[in-house]
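To keep things clear, I will list the structure first and then write my remarks on it.
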Amino acid sequence: MKNIVAAATLFCMIALVQSCSKKSQVNFIDSVQPDQLIETNVPSGQPYTFIAGPSGTLTVTRQASHFQVSQAGIDEKGLVVYSYSSSAGYVGADEVSLAYSPVAVATENNSSCSGTHTNSVASTSIKIRLNVTK
């Protein structure tokens, strides 16, 4: 009986350790398909800009690996953008994941309840695959 309990305990511990490893979490994250996939060529050291939208919030959820600049922000026109420039001399593949949430729009109330209502807008996941060339 002790052998069965010990074997069951050992099996549960192995399963728990495997399910909590960093590698298994990364594989799960990578397997999720983004809402938008962008593949682009970028000359090494040159800037690349992606315009997410006219307003809202853009967040880097998984940082690029080979960058000099990799950041979300607002450009001089007030647009929500992601900016990338590779590390000096880097040539190869790079990838960044982003989450974009546009600003919700307030609308007039055309129903029987009072007040102004805000339409909720879902966040969009974006993956940019950068082919950094010479």
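Throughout, read-outs are computed from the coordinates displayed, never taken from laboratory work. All figures in this text were calculated on a predicted structure; none of them were measured in a lab. Cβ: placed from backbone, ideal geometry, glycine included. Neighbour counts: every protein chain shown.
Take the residues of segment 75-92 that are of a type in the set (A, V, I, L, M) and surrounded by 12 or more Cβ atoms within 10 Å (Cβ to Cβ): which is farthest from Ser125 (Cα to Cα)?
First, pick out the residues of segment 75-92 that are of a type in the set (A, V, I, L, M): 79-81, 88, 91.
Filter once more, so that each one left must be surrounded by 12 or more Cβ atoms within 10 Å (Cβ to Cβ): 79-81, 91.
Values: Leu79: 18, Val80: 15, Val81: 14, Val91: 26 Å.
The qualifying residue farthest from Ser125 (Cα to Cα) is Val91.
Which residues, taken from segment 74-93, are closer than 25 Å to Thr133 by Cβ, free of Cβ contacts under 8 Å to residues at least 40 places away in the same chain and out of contact with any Ser or Thr (no Cβ under 6 Å at 6 or more places or on another chain)?
From segment 74-93, those closer than 25 Å to Thr133 by Cβ are 75, 81-93; that's our starting set.
With free of Cβ contacts under 8 Å to residues at least 40 places away in the same chain added as a condition, the list becomes 75, 81, 83, 87, 93.
Selection gives Asp75, Ser87, Ala93.
Go through segment 55-87 and report how many residues are closer than 17 Å to Tyr100 by Cβ and either in contact with a strand residue (DSSP E or B) (Cβ under 7 Å, 6 or more places away or on another chain) or among the β-branched types (Val, Ile, Thr) (or both).
22
If the Cβ limit is 8 Å and pairs must be 6+ apart or interchain, which residue in segment 53-70 that is farther than 20 Å from Val121 by Cβ pairs with which residue that is among the acidic types (Asp, Glu) and surrounded by 14 or more Cβ atoms within 10 Å (Cβ to Cβ)?
Cβ pairs passing all conditions: Arg62/Glu95; Ala64/Asp94; Ala64/Glu95; Ser65/Asp94; Ser65/Glu95; His66/Asp94; Phe67/Asp94.
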